[in-house]
Amino acid sequence: MRELFAQYQLLLTILIFVPFELLFAARPQKIFRRGLLTDMAFLFINGWLVFAGVTAILAVATLVNQWILPSAVKQAVGDLPYLVQVVIAILIGDLGVYWTHRTLHAVPAMWHIHAVHHAVEELDWLAAVHQHPLDVTFMKAGSLFPLVALGFSAEAIGTYLALYYWQTWLTHANVRLSYGPLRHVLVSPEFHHWHHSSEREARDKNFAGLFSFYDVLFGSVYLPQGQKPKTFGVDEPMPSRYLPLLAHPFVVWASKHKRDDPSGTQAQRQ
């Protein structure tokens with residue numbers, strides 16, 4: 001049943017975003033663009049790899065809720081009406097996304113995981129899934145762990161996840177869509193496209209997933225009026241296929257370790 005629902009969800013996503021991009025394209029770009037097959041591999045395989053990590057995160061968060069969180073806090077959260085829970089869950093979840101996302105950029109070892117996502121040079125709705133499983137798991141930890149640990153209802157968390165699911169497709173989509181006076185409140189495709197820009201001024205900016213005011217608050221917003229990003233991608237050479245992309249951070253880590261300790265093997269032999 002879960003697999004069938006996922007298939008219908010994907011079909012609905014395709015039926016919405018493909019014509020949306022054709023009608024309101026921000027940049028000339030083919031549907032069958034370069035890297036499409038790689039992104040399809042991410043789409044159909046990543047979920048299985050992420051599942052184990054997310055299951056572990058939810059298990060630990062449940063233990064925190066049951067054994068550590070004070071009963072008064074659990075009762076206070078549980079007594080909140082559904083709509084209030086949803087609003088608070090969205091605010092907390094996106095704050096978690098902001099800081100985990102910013103950490104992926106700020107910590108060099110973690111950047112090599114996140115660079116897989118930024119390697120996309122032709123941005124569209126499907127680029128949303130071009131993420132290393134460790135990247136997805138870490139982001140889920142930042143958003144879901146506090147919600148489960150605090151005892152938000154499954155319905156409130158499910159509503160947040162459904163909203164974030166569609167927002168992820170939308171913000172990567174190749175569409176002309178600006179939110180005008182709300183551009184510094186809500187994350188738009190324009191806002192997130194700047195995050196993916198390879199232009200120096202835009203690097204390490206615009207981390208939020210839903211609320212751009214988090215970037216305004218923490219000084220990481222970049223949204224120049226009347227301009228559009230021209231190029232996407234990263235400076236470092238990146239693989240173009242699925243399995244080499246999965247291996248990329250491990251290859252980089254091993255290479256850096258070898259450079260930092262070139263005499264390690266020889267010292268052990270002596």
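Residues in the stretch 19-35 that are exposed (fewer than 15 other Cβ atoms within 10 Å of the Cβ) and in a helix (DSSP H, G or I): P19, L22, L23. Just to be sure before I move on: is E201 acidic (D, E) and within 27 Å of N46 (Cα to Cα) in the structure I sent? It is false that E201 is acidic (D, E) and within 27 Å of N46 (Cα to Cα). Would you say A162 is open to solvent by 20 Å² or more (accessible area, probe 1.4 Å), among the small types (G, A, S) and under 30 Å from F32 (Cα atoms)? It is true that A162 is open to solvent by 20 Å² or more (accessible area, probe 1.4 Å), among the small types (G, A, S) and under 30 Å from F32 (Cα atoms). With respect to the conditions (1) modelled with pLDDT of 95 or more; (2) open to solvent by less than 10 Å² (accessible area, probe 1.4 Å), L123 falls short on a single one, namely (1). Scanning the stretch 126-143 for residues that are closer than 14 Å to L49 by Cα and open to solvent by less than 20 Å² (accessible area, probe 1.4 Å) yields H130, H132, P133, D135.
Here P70 fulfils each of the conditions (1) free of Cβ contacts under 8 Å to residues at least 24 places away in the same chain; (2) open to solvent by less than 20 Å² (accessible area, probe 1.4 Å); (3) not hydroxyl-bearing (S, T, Y) apart from (2). Across the stretch 74-86, the number of residues qualifying as surrounded by 14 or more Cβ atoms within 10 Å (Cβ to Cβ) and at pLDDT 95 or above comes to 4.
Counting only helices (runs of 4 or more DSSP H) that sit wholly inside the stretch 67-176, those with at least 3 residues that are β-branched (V, I, T) are 82-106, 133-150, 154-172. Six or more apart or on different chains, Cβ atoms under 8 Å: show the pairs whose first residue is in the stretch 219-241 and over 27 Å from P181 (Cβ atoms) and whose second is open to solvent by 60 Å² or more (accessible area, probe 1.4 Å). If the second residue must be open to solvent by 60 Å² or more (accessible area, probe 1.4 Å), the pairs left are T231/E121; G233/E121. Each residue in the stretch 157-193 was checked for being out of contact with any Asp or Glu (no Cβ under 9 Å at 6 or more places or on another chain) and more than 23 Å from A89 (Cβ to Cβ), and 5 of them qualify. Scan the stretch 210-223 and tell me whether some residue there is touching a Lys or Arg at 6+ places or on another chain (Cβ under 9 Å), closer than 20 Å to V87 by Cα and not in a helix (DSSP H, G or I). Checking the stretch 210-223: at least one residue is touching a Lys or Arg at 6+ places or on another chain (Cβ under 9 Å), closer than 20 Å to V87 by Cα and not in a helix (DSSP H, G or I).
The values are calculated or read from the model by the stated rules, or taken from the named source; none is laboratory data. Note that the structure is predicted; figures quoted are calculated from it, not measured. For neighbour counting, all protein chains shown are included, and Cβ atoms are generated from backbone atoms with ideal geometry for every residue, glycine included. Protein only, heavy atoms only, side chains kept; ligands, DNA and RNA dropped before computing areas. Shrake-Rupley method; radii C 1.70, N 1.55, O 1.52, S 1.80 Å.
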